Amino acid sequence: MTARLRLRTLSVALAAAVAAGPLLTACGDERAPRPAAAPSPAGSPTGTASPPGQTRDQAERKALLGATEVTWDKAAATAVAEVPRGKLADIELTWARPASGSPRPKSPSPASSPGTGARTPEWEATVAAQDGTAHTVRVDAVSGRVTSSLTDPDQDAEDKQEWAARLGAATVTPQQAAKTATGRTKGTVSAVQLDDEVWSVDVVTTNDWNKTTYDVDARTGKIVREHVDRD
């Protein structure tokens, strides 16, 4: 092969390599793996994880009690004052129902839910009149004000007699039952309910946000049952 022919062959090979360069680069970009999408942070619309080390119920108790400023006994006294000669039958800390027309929150949080306004805590109490007529009284757990007081429309004469008899037979007050429960477990009372012949008292411990339920005999004041909810 002459020197001129070899030079021409080399020139053709170099030109082909230069022309193929962009095509190979483009193919390489197309085959490159795409970066993984960043995980959604907890609290975002797609994040459902509870805070590390906490269950969903524990996180809910923490959020609810953290937003509460009025203790159960103060709320109970306010509720009972709404019903002449009334007695407390039960009281529970819960989230208030959002008012109609509330603005939608910018991002979900333990104190709000998608599609509703920011929630506020309230004490929902049942107060029975002397004849057993039950009244549902809601007390704002931040301001301590009564937000509604309604008579139970579904009560019949037998229901009223049952409430009157049950409360009449209870010689232990709800305050005494709560004191007995918190004497066993230091924590915050989130519910007190007269259930047949016992006061059922829920105590939340703020170091782990577990809930312990004590059944206190409504006549003797002794604890007859204890259950810890670690969920």
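Odds and ends about this structure:
- Extending 7 Å from the Cα toward the beta-carbon at both T171 and R97 defines two label points whose distance is 4.0 nm.
- Protection-proxy order for peptides 157-166, 121-130, each taking the mean of Cβ atoms within 10 Å per residue, highest first: 121-130, 157-166
- When both segment 195-231 and segment 146-188 are represented by their alpha-carbon centers, they are found 14 Å apart.
A short reminder: the numbers here are calculations on the coordinates, not readings from a lab. All figures in this text were calculated on a predicted structure; none of them were measured in a lab. So basically every Cβ, Gly included, is an ideal-geometry build from the backbone, and we count neighbours across all protein chains shown.
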